[in-house]
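Quick notes on the structure that follows.
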Amino acid sequence: MIENGPELAQFALEAAETNEFDEQVADHYSNAAAAIAVGLAALASGYAERGIGAAAVGAIAEDDDMFVPGIVMTVLPETLVIFAIVVIFLV
Amino acid sequence: MSTGASNPEYVNARVRSRRASLFAEEDYRKLIRMGPSGIARFMEETEYDREINELGTRFSGVDLIEYALNRNLARHFDDLLKWSDGTVYDRIARYLRKFDVWNLKTIIRGIYTDTDPETIQTDLIRAGELPDSTLDRLVEVDSIEDAIDVLYGTDFYDALSGAFEDYEETGALVPLENALDREFYEHLLDDLGRPTEGPNALYVEFLQAEIDFRNARNALRLARSGADLDPAAYYIDGGVLFTESELSRLVGEYDELVDHIAENKRYGDRLSTAFDRLRDAESLIQFEHALEAALLEYADRLSSIYPVSISAVLSYILAKEREVENIRAIARGREVGLTETEIEEELVIL
């Protein structure tokens, strides 16, 4: 799925060069591609946060002072989604 | 056995935090200079406070320290089992069954010597997999045969009922105790296979080291004491250091036995300092301490190779056990009036 993303966009752009109607279709295609890209990025960061979150809760259970570092560490993979949002503005 | 996804991250985070709060070398230096009541007071300011406060009204002096240590150990290891799920639980429980063996031995000895249930209770370390209710029932029974019946359905039932005949013939507890030890060690490596890489391979390697060191210790003790016992009866299968026939042959030849262990590829280098000491000194205790230290160091090294794996838990279990042993050695040593250097020799500090 992930590696097909750029191809899908490429295909859409090529199609856009042909005529007016195709251009509309291509627009829809590229929006769909961007949506899939962001969605996958969100899924991936969720997976990454799963392990870190578990470890962070463990650390907080042992020592309350770990609360802030724990939260910071847990949301680090969230950057994946932030980068993925850039894709929306690019297409 | 618990099913479902395992949670190594959670268990690791908690275990590493507890590992970090174990006593450091300076703490031991301080403890060595204290008397039993001083040690108890020192422990009250550390993570042993709960146990010391609970038991403080009933016991005092070295007994207080001893029971507090046992309880604390049990609490921590019980926590390990409480936190973990799936594969991690299975792996930890497998190793902690060692305390089941310890408890069963204590109970059997207690029944054998007609000790009252209350006293047996205080000597138990409730860290294993057997539920508290089973242990409570075991403590109350009057004969060893009844005790074995209570265990019906557990892994220990078959082993014990097999050895019971021997016990009835000889009247000695050795066959029962051997059966328990054997049951534990032989099931350590069950259905793990022989993985060659990854965390599982290291887990197996660690367990093999444990078995090997146990075999080596038994062999050295037999060789040193010159006792006329069949070494094969004490041989534990599963290690890589000895085969059964090798062990039987080597027990007679003390020097060859030491050479055999020293030449082993896996352990030779790691134990070289220990071997020098064994050859020079007459003391087997020193060597046994060196073995323990080597195993501890080994577990530590494994836990840094695969950070999120079972190795960190094993290394914590070993380190915690060492700490308890060390504090006990200091307290007992002070009680009988050993000098500071003598006590220091009894400690295993990395």
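The values are calculated or read from the model by the stated rules, or taken from the named source; none is laboratory data. These figures come from a predicted structure and were not determined experimentally. Methodologically, a virtual Cβ is constructed for each residue, glycine included, from the backbone with ideal geometry; neighbour enumeration extends over all protein chains shown. In case anyone asks, the SASA skips ligands and DNA or RNA and just uses the protein heavy atoms, side chains included. Shrake-Rupley method; radii C 1.70, N 1.55, O 1.52, S 1.80 Å.
Which residues of region B:1-40 bury at least 30 Å² of accessible area once all protein chains are present, versus their chain alone (1.4 Å probe)?
Buried-area filter returns B:9, B:10, B:13, B:14, B:17.
Once you list every other residue whose beta carbon is under 12 Å from the beta carbon of residue B:325, what net charge do they have if Lys and Arg are +1 and Asp and Glu are -1? List each step's numbers first, then the result.
Values: positive: B:320, B:322, B:328, B:332; negative: B:66, B:288, B:292, B:321, B:323, B:346.
Once positives and negatives cancel, what remains is -2.
Chymotrypsin sites (Phe, Trp or Tyr not before Pro), restricted to region B:123-160: which are DSSP loop and have at most 15 other Cβ atoms within 10 Å?
B:152
Taking the alpha-carbon distance from residue B:265 and a cut-off under 24 Å, which lysines remain once sequence neighbours fewer than 8 residues away in the same chain are dropped?
Output for residue B:265: empty list, no partners.
Can you compute the FRET efficiency between residue B:304 and residue B:178 using 1/(1 + (r/R0)^6), with r the Cβ-Cβ distance and R0 = 35 Å? Round to the nearest 0.05.
Efficiency at R0 = 35 Å is approximately 0.45.
Could you please state how large a percent of the accessible area of chain B is carbon and sulfur, counting protein chains only and using a 1.4 Å probe?
C and S atoms contribute 46 percent here.
Counting only heavy atoms of the protein chains, get the accessible area per residue of chain A (1.4 Å probe) and round it to a whole Å² value. Before the final figure, lay out the partial values.
On the way: 6370 Å² over 91 residues.
Per residue, chain A has 70 Å² of solvent-accessible surface.
Under 10 Å from the Cβ of residue B:213, count the other residues' Cβ atoms, weight Lys and Arg +1, Asp and Glu -1, and hand me the total.
Once positives and negatives cancel, what remains is -2.
Between residue B:157 and residue B:349, with labels modelled 7 Å along Cα→Cβ, what's the label distance in nm to one decimal, could you check?
About 4.9 nm separates the two model spin labels.
Per residue, how much accessible surface does region B:1-146 expose to a 1.4 Å probe? Answer in Å², no decimals.
46
Averaged across the residues of B:84-90, what count of C-beta atoms belonging to other chains lies within 10 Å of each residue's C-beta?
Details: counts 0, 0, 0, 0, 0, 0, 0.
The per-residue average across the peptide is 0.
For chain B, what does -39500 (n - 2.57) per DSSP helix run (n ≥ 4), summed and divided by total residues, give at 222 nm, in deg cm²/dmol to the nearest 500?
Details: 18 runs with 250 residues, N = 350.
Estimated from H runs of four or more residues: -23000 deg cm²/dmol.
Using only the Cα atoms of the protein assembly as shown, what do you get for the radius of gyration and for Dmax, in Å?
Rg and Dmax of the protein assembly as shown, Cα atoms, are 28.3, 100 Å.
In nm, to one decimal, how far is the residue A:23 label point from the residue A:42 one, both placed 7 Å along Cα→Cβ?
3.1
Give the lysines reachable from residue B:320 as a straight Cα distance under 28 Å; neighbours fewer than 8 places away on the same chain don't count.
The reachable lysines, counting only those whose Cα sits under 28 Å from residue B:320, are B:30, B:82, B:98, B:105.
Show A:72, B:15 ordered by accessible area, largest first, where the area counts protein heavy atoms only and the probe is 1.4 Å.
The most accessible residue leads, giving A:72, B:15.
Would you tally the net charge around residue B:156, using a Cβ to Cβ cut-off of less than 10 Å, leaving residue B:156 out, and scoring K and R as +1, D and E as -1?
Surrounding charge for residue B:156 is -3.
Please list, by residue number, every one of the chymotrypsin sites (Phe, Trp or Tyr not before Pro) in region B:1-91 that is coil in DSSP and has at most 16 other beta-carbon atoms within 10 Å.
In loop regions of region B:1-91 (DSSP not H, G, I, E or B), the sparsely surrounded chymotrypsin sites (Phe, Trp or Tyr not before Pro) are B:59.
Using a 10 Å cut-off around each Cβ of peptide A:50-58, what is the average number of partner chain Cβ atoms that fall inside?
For this peptide, the per-residue mean of nearby foreign Cβ atoms is 5.
Can you list the GluC sites (Glu not before Pro) in region B:202-272 that are in a DSSP coil and have 16 or fewer other beta carbons within 10 angstrom?
B:253
Relative contact order for region A:4-85: what percent, with Cα pairs under 8 Å and sequence separation of 6 or more?
In percent, rounded to a whole number, it is 27.
By Kyte-Doolittle mean hydropathy of at least -1.0 and Cα axial length of at least 20 Å, which whole DSSP H helices of chain A are selected?
Membrane-span-like by this rule: A:20-62.
Hey, if we sort B:265, B:98 by accessible area with the 1.4 Å probe, largest down, what's the order?
Putting B:265, B:98 in descending order of accessible area: B:265, B:98.
Buried accessible area for the B:A pair, summed, 1.4 Å probe, in Å² rounded to 100? Could you put the intermediate results ahead of the total?
On the way: alone 16670 and 6710 Å², together 22720 Å².
Approximately 700 Å², summed over both chains.
Report, in order of residue number, the helices in chain B meeting two criteria: a C-alpha extent of 15 Å or more along the helix axis, and a mean Kyte-Doolittle hydropathy of at least -0.5; treat each whole DSSP H run as one helix.
Helices meeting the criterion: B:61-83, B:86-112, B:199-225, B:284-305, B:310-335.
Kindly give Rg over Rh for chain B, based on alpha-carbon atoms, with the Kirkwood expression for the hydrodynamic radius. The partial results should precede the final answer.
Numbers: Rg = 20.5 Å, Rh = 21.7 Å.
Taking Rh as the inverse mean 1/r over Cα pairs, Rg/Rh reads 0.95.
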